[in-house]
Amino acid sequence: MAVHARTLEFYEQLGLAQEVVDLGIVMNAMHLWDQGKLKADIPIGHFGRDLSPFSFVLSFPQDDHERFLNEKLGYSGISIEWDTELISFADDGERVRATLRKDEHEEVCEVAYLCGCDGAHSAVRHGLKLDFIGGAYEQTFYVADVQATGAATATGGVNMCLNVKDFCLVLPIRSTGMQRLIGIIPDAVKDRENITFDDIRPITEKLFGISVHQVNWFSTYRVHHRVAEHFSKGSAFIAGDAAHIHSPAGGQGMNTGIGDAVNLSWKIAHVLQGRADASLLATYEPERIAFARTLVKTTDLAFQIIVRRDFAGRFFRTFVMPYVLPPLFHFRAVRRWMFKTISQIRITYRDSALSVGEAGTVAGGDRLPWDGVGGSDNFEPLKSLDWQVHVYGEANMAFRGAVSERGIALHVFAWTSMAEKAGLKRDAFYFIRPDGHVGLAHPAQDIAVLDRYLAQHGIRMKPPLTP
Ligand SMILES: Cc1cc2nc3c(=O)[nH]c(=O)nc-3n(C[C@H](O)[C@H](O)[C@H](O)COP(=O)(O)OP(=O)(O)OC[C@H]3O[C@@H](n4cnc5c(N)ncnc54)[C@H](O)[C@@H]3O)c2cc1C
């Protein structure tokens, strides 16, 4: 359900963000309930103001989201071959031969690269014989789409129950007018076989003071916390749940998978277009696996806080959440910290071989900070999906000419207090990757530094268009 700012920033590069925002619901508040009583509201609407053009959490169900992306692929002339299963593959070092099955018919498809975005049971991960290190939580989760009435269904925001024993979220869905419930099967019914919604109905209805009139679907599942030992081998890669899975706390899984796909796709495109050496692909794993490992640890911690039955867990849910967090949220620093933590804008690839230099507090590997309130928007040029040089302040004539000679777009932005607050350095130059992360940051406009970077990473610009 939760679509975070970093994903919307990527979509903005593709011109899709506004449509997604319009299809979803901006979460303005988190409402905390206990036994049908509203205990507290946390105003999370636009809590990332000045940090991202998308300063909120968007609620947009994944099935609607997938349909949307599928339609957009269709407009680009790409159609997904549904009901086609990867059975096996072989990588001979030159090409990957993938055996696919559709309607009992098998065919071999030969490709330069293969990426397994095939979920937790990934055939590609198994084919690469990669360990999926971690374990499973003992709790069983449920998810349901229901039509319901009651105060919690009218808030338009995220509703969370704070009960000592139970955990459940209720979120509205714009496209159907239904409510999605996500929770942990309560202890009282967890040992029953073939649990249905009616088993959890009395407890759930009481938690939020709602009446459920219709259940569209109901499903139970176990949650694992695992990260694959590698995200690539030879010419095959894995991304999304195939590479990492964790608890849904914080709504991070799909967003992280989309981040993997963005990271890998521009690199593969560069290599296939002859614009970079194949060694560029080796930066995918270190950049993404580091974040996946941190994410699994932090969502694990959040999950433990939610489910712990001991004094600390109960204290957090019944005292810290309703009485300490809401007043804390009035402090700008707390709101900004929360936003940075969950929106994924803090993801950095500083340790990557592709990341060089530092200017101000912004270093190679960081997501380019947003500077778009009031004057020009520094994210606008990212829509080119290509490398570009940014200068905040003034660019001297010699540097302008040299960047242009190399076929690289140069964008010069007026020096603003927002740029300063974001940690950018006046008159420094930042060489931005196609995914909006800084590749190279350098405090002076020195073209030799840019040349060294291009040579070191074997990156070539697109040949200029001939008339
Ligand atoms: C209740 C719940 C709530 C969640 N809420 C959020 C949230 O708010 N925000 C968020 O970011 N994440 C959330 N997540 C996590 C998110 O749903 C997953 O991270 C996401 O679905 C992973 O996407 P994926 O494409 O990697 O894998 P999947 O969604 O598992 O898709 C894999 C696809 O590959 C196909 N496939 C599998 N094997 C093969 C094969 N051999 N050949 C061909 N195709 C194959 C499958 O059919 C499937 O279509 C939630 C998860 C749950 C369970």
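Quick rundown of the values:
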{"quantity": "Residues (part of a loop (DSSP other than H, G, I, E, B) and surrounded by 11 or more Cβ atoms within 10 Å (Cβ to Cβ)) located in the range 81-126", "calculated": "T84, R95, A112, Y113, C117, D118, G119, A120, S122"}
{"quantity": "Any chance W370 is farther than 24 Å from S343 by Cβ, hydrophobic (A, V, I, L, M, F, W, C) and assigned to a loop (DSSP other than H, G, I, E, B)", "calculated": "no"}
{"quantity": "Selected residue [of a type in the set (S, T, Y), assigned to a helix (DSSP H, G or I), more than 27 Å from Y284 (Cβ to Cβ) and out of contact with any Leu (no Cβ under 6 Å at 6 or more places or on another chain)] from S376, S404", "calculated": "S404"}
{"quantity": "Residues of the range 155-178 satisfying the condition of being within 14 Å of the ligand (Cβ to nearest atom) and assigned to a strand (DSSP E or B)", "calculated": "V158, M160, C168, L169, V170, L171, P172"}
{"quantity": "Qualifying residues in the range 334-365 (those that are polar (S, T, N, Q) and in contact with a helix residue (DSSP H, G or I) (Cβ under 7 Å, 6 or more places away or on another chain)) - the one farthest from T256 (Cα to Cα)", "calculated": "S352"}
{"quantity": "The range 280-297, subset within 16 Å of the ligand (Cβ to nearest atom) and in contact with a Gly (Cβ under 8 Å, 6 or more places away or on another chain), residue farthest from Y349 (Cα to Cα)", "calculated": "V296"}
{"quantity": "Only one of T176, T140, T220 that is closer than 20 Å to S59 by Cα and in contact (Cβ under 8 Å) with a residue 24 or more places away in the chain", "calculated": "T176"}
{"quantity": "Residue, nearest to the ligand (Cβ to nearest atom), within the range 111-126, restricted to residues that are more than 22 Å from L280 (Cα to Cα) and over 22 Å from the mean Cα position of the chain (by Cα)", "calculated": "A123"}
{"quantity": "Where L8 falls short, out of the listed (1) part of a helix (DSSP H, G or I); (2) surrounded by fewer than 19 Cβ atoms within 10 Å (Cβ to Cβ)", "calculated": "(2)"}
{"quantity": "For V373: the one exception among (1) within 21 Å of V262 (Cβ to Cβ); (2) under 28 Å from the mean Cα position of the chain (by Cα)", "calculated": "(1)"}
{"quantity": "Matching entry among H457, H411 (being in contact with a helix residue (DSSP H, G or I) (Cβ under 6 Å, 6 or more places away or on another chain) and either surrounded by 14 or more Cβ atoms within 10 Å (Cβ to Cβ) or not hydroxyl-bearing (S, T, Y) (or both))", "calculated": "H411"}
{"quantity": "Test: residue in the range 146-154 that is closer than 29 Å to N194 by Cβ, without any contact (Cβ under 8 Å) to a residue 60 or more places away in the chain, surrounded by 13 or more Cβ atoms within 10 Å (Cβ to Cβ) and near the ligand (Cβ under 10 Å from one of its atoms)", "calculated": "no"}
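Yes or no, residue by residue, for (1) polar (S, T, N, Q); (2) within 12 Å of the ligand (Cβ to nearest atom):
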site	(1), (2)
F231	no, no
I238	no, yes
A243	no, yes
S247	yes, yes
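Residues checked against (1) away from the ligand (no atom under 12 Å from the Cβ); (2) modelled with pLDDT of 95 or more; (3) of a type in the set (K, R); (4) more than 30 Å from M321 (Cα to Cα):
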| position | (1), (2), (3), (4) |
| --- | --- |
| N255 | no, yes, no, no |
| D260 | no, yes, no, yes |
| A278 | yes, no, no, yes |
| A302 | yes, no, no, no |
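Let's see how each residue does on (1) outside the structural domain of P381 (by TED's automatic domain parsing); (2) touching a Lys or Arg at 6+ places or on another chain (Cβ under 8 Å); (3) exposed (fewer than 13 other Cβ atoms within 10 Å of the Cβ):
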residue	(1), (2), (3)
P43	yes, no, no
H46	yes, no, no
P61	yes, yes, no
E66	yes, no, yes
Y75	yes, no, yes
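The values are calculated or read from the model by the stated rules, or taken from the named source; none is laboratory data. Keep in mind that this is a model prediction, so the values were computed, not measured. Cβ sites come from the backbone with ideal geometry, for glycine too, and all protein chains shown count toward neighbours.
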